[in-house]
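Quick notes on the structure that follows.
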Amino acid sequence: MVTVVGTAAWAVALVVLLIVRDSLPAGQRWWIWTCVSGVLMGLFALWYVPRLKRGRARAAARRAQSAPRDNGSNTVSSTDTPGRSTRS
């Protein structure tokens, strides 16, 4: 959602700058190319981020399948805690 909003904002800024391009001072026209870059990076992110998320989900699923099964208990015995002694 953030990528969509950001890309749309760059696109709106680009349209506005293209409309007022003739009234922009020559030293400020670089903003047009900044907006073009923002739109292009946003489009790349819209393509890349879903693939990244799917890859991470597949890796997590592989790790979950290969991990030993847990009995669900979160308790730790005193003998399992390194550096702690129950002796006085």
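Considering only residues that are without any contact (Cβ under 8 Å) to a residue 40 or more places away in the chain and open to solvent by less than 50 Å² (accessible area, probe 1.4 Å), look in the range 31-49 and name the one that is nearest to the chain's Cα centre (by Cα).
Looking at residues that are without any contact (Cβ under 8 Å) to a residue 40 or more places away in the chain and open to solvent by less than 50 Å² (accessible area, probe 1.4 Å), I get 42.
One residue is enough: does the range 65-73 have a residue meeting the conditions at pLDDT below 95 and in a helix (DSSP H, G or I)?
Scanning the range 65-73 turns up at least one residue that is at pLDDT below 95 and in a helix (DSSP H, G or I).
Whether any residue in the range 4-11 is among the hydroxyl-bearing types (Ser, Thr, Tyr), touching a helix residue (DSSP H, G or I) at 6+ places or on another chain (Cβ under 6 Å) and modelled with pLDDT of 90 or more is what I want to check.
Within the range 4-11, one or more residues are among the hydroxyl-bearing types (Ser, Thr, Tyr), touching a helix residue (DSSP H, G or I) at 6+ places or on another chain (Cβ under 6 Å) and modelled with pLDDT of 90 or more.
For residues that are more than 11 Å from residue 42 (Cβ to Cβ) and surrounded by fewer than 16 Cβ atoms within 10 Å (Cβ to Cβ), tally how many sit in the range 1-30.
Final tally of qualifying residues: 17.
The values are calculated or read from the model by the stated rules, or taken from the named source; none is laboratory data. Please read all numbers here as calculations on a predicted model, not as lab measurements. Positions of Cβ are backbone-derived with ideal geometry, glycine not excepted, and every protein chain shown enters the neighbour counts. Keep in mind that these areas ignore ligands, DNA and RNA; they rest on the heavy atoms of the full protein, side chains included. Shrake-Rupley method; radii C 1.70, N 1.55, O 1.52, S 1.80 Å.
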